1. Suppose all protein chains stay in the model; what accessible area per residue would a 1.4 Å probe give for the chain, in Å²?
2. When ranked by the protection proxy of mean other Cβ atoms within 10 Å per residue, highest first, what sequence do the peptides 65-72, 347-354 form?
3. When the helices in the chain are scored as -39500 (n - 2.57) per DSSP H run of 4 or longer and the sum is shared across all residues, what 222 nm value do you end up with, to the nearest 500 deg cm²/dmol?
4. Can you pull the percent of Cα pairs in segment 287-408 with separation above 21 Å?
5. Once all Cα-Cα distances of segment 76-235 are split into 10 Å bins that start at 0, what whole-number percent is in each one?
6. Please list, in chain and number order, the residues 5+ apart from residue 150 or on another chain whose amide H is under 5 Å from its amide H, with Hs placed from the backbone.
7. With 19 Å as the cut-off, how large is the P(r) tail for segment 147-216, expressed as percent of Cα-Cα pairs?
8. Please report the equivalent ellipsoid semi-axes of segment 184-255, computed as sqrt(5 x eigenvalue) of the Cα gyration tensor, largest first, in whole Å.
Amino acid sequence: MSKEGNSNIINRNYAKMPGSYLFAEIASRITEYLKFNPKSDIIRLGIGDVTRPLIPSVVLAMHKAVDEMSDNTTFKGYGPENGYEFLRNAISENDYKKHGVSVEPDEIFVSDGSKCDCANIIELFSDEVKIAVCDPVYPVYVDSNAMAGRAGDFDIKTGRWSKITYINCNEENGFLPSPEELKGEIPDAIYLCSPNNPTGTVIGYDELEKWVNLANKNGSIILFDGAYEAFISGDYPRSIFEIKGAEKCAVEFRSFSKTAGFTGVRCAYTVIPKSLTKNGMSLNSMWTRRQSTSFNGVPYITQKAALAVYSEEGQKEISENIKYYKENARIIREGLKDCGFTVYGGENAPYIWLKTPNSMSSWEFFQDLLDRTGVVGTPGSGFGPMGEGYFRLSAFGDVEKTKTAISRINSVYGIPK
Ligand SMILES: *Cc1c(COP(=O)(O)O)cnc(C)c1O
């Protein structure tokens, strides 16, 4: 028998984590359904993953980079922790300067994903940091803090952590975060995601300006997740740095995952302005220190692939893919509206957030939809208590299947004409 040892070896915050029940529960309900409906042709509109393959420009660039790696004159070993200059220059130029936003290459940190950056960024903050998140929310922001012991205790009844401030997003405010929902609390760090996962809504210029002003007035930091920026087609901020003063209070996360189908390739970046300082320390220098200690950079092949996204051909090709997904979103959104559903999102995001019919709970609707149409979506309650009574459909599927799903939904839930 081995000894238990010191009773304080383990990070006990993990014991407080509620099970990651959402996707496991969805999978088990599908299995159960298929047992009784083995011939059913299930359509999955629950996925938060892209389905279109890599664009030709990216594939070509990756092949070329592999050839370079196979030649002793062009072989690359470890690269710079923060990313190759060629990629940071391209990001600065194409994603920012071209749009009149000043972000320098040394404010850009290339990484293997926004999920890890969103989760790891909390290492820059103290144990006392007070955080605020939207409800409903992308769970990474909450869980990373909870695992670090900064969320307090989880209350199963309310579905909330004792030390986190929740910004309620609901029907009254159109599922858009408003500073008023802080109800006077002044958080140190505020997570915002726009276009939003799961609600598909997008924050406008005036609202984002309010958040930036509030952060600067109180010395708070905004952690801005722009993973779905490429889906914006209206007049909305794509970057928080379009807002004056954001360079003093904001960090921005961007990813090639949804933009260029890189969910399996893995490449993202985080912008930390040099003018962002707290308690006399530069967050840009701190993140440089953190990354050089805990991270060894993104593969050369991957960064060459990401660079190809910015070529003229690359831009044309990715915009075709985005257009494809946006058309799916339109089909879902308009189709649901025709059936009489109340819907949010889907115009500047690949997600459609719908109100369940007849006051069903999110899970009741999940089951009803599955049983009657074979369509799978994601229960809104899985993203927080405010998501109860709502449901997320994703536009990342195949267009023909999406059309079939909507016509099945229409024949079951549609208003008879
Ligand atoms: C998909 C997604 C990301 C991107 O994650 P990667 O790790 O870069 O693939 C970030 N934030 C949100 C809200 C997402 O849905």
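1. For the chain, the per-residue accessible area is 46 Å².
2. 347-354, 65-72
3. Rounded to the nearest 500, the figure is -11000 deg cm²/dmol.
4. Considering segment 287-408, 52 percent of its Cα-Cα pairs are separated by more than 21 Å.
5. Each 10 Å bin holds this share of Cα pairs: 9, 34, 36, 16, 4, 0.
6. Placed amide hydrogens put nothing under 5 Å from residue 150.
7. Here the long-distance tail beyond 19 Å is 41 percent of all Cα pairs in segment 147-216.
8. Result for segment 184-255: semi-axes of 20, 12, 11 Å.
The values are calculated or read from the model by the stated rules, or taken from the named source; none is laboratory data. Predicted, not measured: the structure shown is a model, and the values here were computed from it. Cβ coordinates were reconstructed from backbone atoms using ideal geometry, including for glycine residues, and neighbour counts include every protein chain displayed. Note: areas computed on protein heavy atoms with side chains; ligands, DNA, RNA excluded. Shrake-Rupley method; radii C 1.70, N 1.55, O 1.52, S 1.80 Å.
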